[in-house]
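The block underneath contains the structure these notes are about, expressed in structure tokens.
The values are calculated or read from the model by the stated rules, or taken from the named source; none is laboratory data. Computed from a prediction, not measured in an experiment: that's the story for all the values here. Please note: Cβ atoms are built from the backbone with ideal geometry, for glycine as well, and neighbour counts cover all protein chains shown.
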């Protein structure tokens, strides 16, 4: 930020202090007011260059905040550790320093490379601390041409008074800078957490079909290609979209999501492209659309197959031209957005029936990823169930260690029309109902227990059902006790004799579980 030039006339010390007080009190811009103070000093003290430096209490690093008489590029070079160089020593000790000739003092580091130590350009240097009560928060320094008749002590006292006057402004700048650094650090931390949370490895699945999905995510994530994620509802399409974005070069930029099926047809255009004030009834303010919000980042269009055909034309134009116009506006707005779309509809059929534009279909179907339904990846059911069990036992502060054998059989036998989402809801319900350390079959929803909705359990007689349940409970108890029949009988609230009889009846051998 460069200071704006003002017609400032040289005056005496009292007049100078008065002008400084006027500048500090009237300027709404903190940084600009400090530039104006240095401009005043350049007129009254014949200042060649001047700086206001701030100490970062978190890193103990000193940075030039405002400068006069040096190029903007040099400001970034002026970084010092506490106690380093004359400025670092002034901030560390809280004592002012005056140097008649800088060429005779080897403490000058000249990090900004703006000082020339030639005899015909000899400079004097004055540096005074800026304090917040007793705490030193920065320094005010001035370079002026060497003059043997100029009393440096008087200049030092004047600068000390000015440093006290600008201390409040500097304190505000320091607070703003620290808040910005903390906000930046927090943003970086959250970005790192998101990348960790949505890492490809965090998508659960060991089946061959899911390994193919992982491979495709890895191949497309680093590119800018448009991705179309296909799959039934509840298969994890949004999770895949997250993984693609947060493992891409756009991960530090916005990731905006829009469920196209949840927005009324008459509002979807405004949501996508935004609108100008007065564009339609109720448009009281200008609205920024999702495309503009996701500039330089990624826009996830979930359920894209439900978009109205009229909006599809405008969406196609944005995807092709990379520019849009707000509703009610006529100014083209350039956008740089990567599109990830998702749908559970048969888009090919929709194209044939005229419900979805063929040119838009081919535009978004650049890199399709198909997510298999849970019934086609049976080997992942138990892995997912264990993951959700751990998640919800932790959230509900419970200690549940495992699933019983009958519960596992029911989970594996069900066809899961709601896919992973239904499985997660099922495990959450079971955790809430469970009062011991094992999820049993009766903790699962009635749909899984009866098999009526899924037609996954065979019709059996009451006697055979009881025998099967007895056998499964005995096996489960022996597994838990590692073949200890006494402990197993105790857990089942029966006697060793009865348990031994039942084990013999069902051809169960306790020693096999040791």
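For the reader, a short list of remarks on this structure follows.
- Test: residue in the stretch 317-331 that is within 30 Å of residue 206 (Cβ to Cβ) and at pLDDT below 95: no
- Considering each residue of the stretch 229-238 in turn, at least one proves to be surrounded by fewer than 16 Cβ atoms within 10 Å (Cβ to Cβ), modelled with pLDDT of 90 or more and in a helix (DSSP H, G or I).
- Residues being closer than 16 Å to residue 132 by Cβ and assigned to a loop (DSSP other than H, G, I, E, B) - total across the stretch 45-59: 2
- For the stretch 477-488, the set of residues classified as more than 13 Å from residue 499 (Cα to Cα), in contact with a helix residue (DSSP H, G or I) (Cβ under 6 Å, 6 or more places away or on another chain) and part of a helix (DSSP H, G or I) consists of 479 only.
- Matching residues in the stretch 268-294 - criterion: being on the phi < 0 side of the Ramachandran plot and either out of contact with any strand residue (DSSP E or B) (no Cβ under 8 Å at 6 or more places or on another chain) or not assigned by TED's automatic domain parsing to the domain that holds residue 304 (or both): 268, 277, 281, 284, 285
- In the stretch 143-153, the residues that are assigned to a helix (DSSP H, G or I) and loosely packed, with under 12 Cβ neighbours inside 10 Å: 153
- Residues of the stretch 26-44 classified as modelled with pLDDT under 75 and either exposed (fewer than 13 other Cβ atoms within 10 Å of the Cβ) or out of contact with any helix residue (DSSP H, G or I) (no Cβ under 7 Å at 6 or more places or on another chain) (or both), total: 3
- Segments classed as helices (runs of 4 or more DSSP H), wholly inside the stretch 344-453, with at least 1 members that are under 37 Å from the mean Cα position of the chain (by Cα) and surrounded by 15 or more Cβ atoms within 10 Å (Cβ to Cβ): 347-353, 358-364, 381-395, 405-413, 419-433
- Within the stretch 240-269, the set of residues being at pLDDT 90 or above, over 22 Å from residue 230 (Cα atoms) and crowded, with 19+ Cβ neighbours inside 10 Å comprises 250 only.
- The requirement of being assigned by TED's automatic domain parsing to the domain that holds residue 219 and either touching a residue at least 12 places away in the same chain (Cβ under 8 Å) or touching a strand residue (DSSP E or B) at 6+ places or on another chain (Cβ under 7 Å) (or both) is satisfied by residue 357.
- Residues within the stretch 136-191 that are closer than 19 Å to residue 61 by Cα, modelled with pLDDT under 85 and over 33 Å from the mean Cα position of the chain (by Cα), tallied: 1
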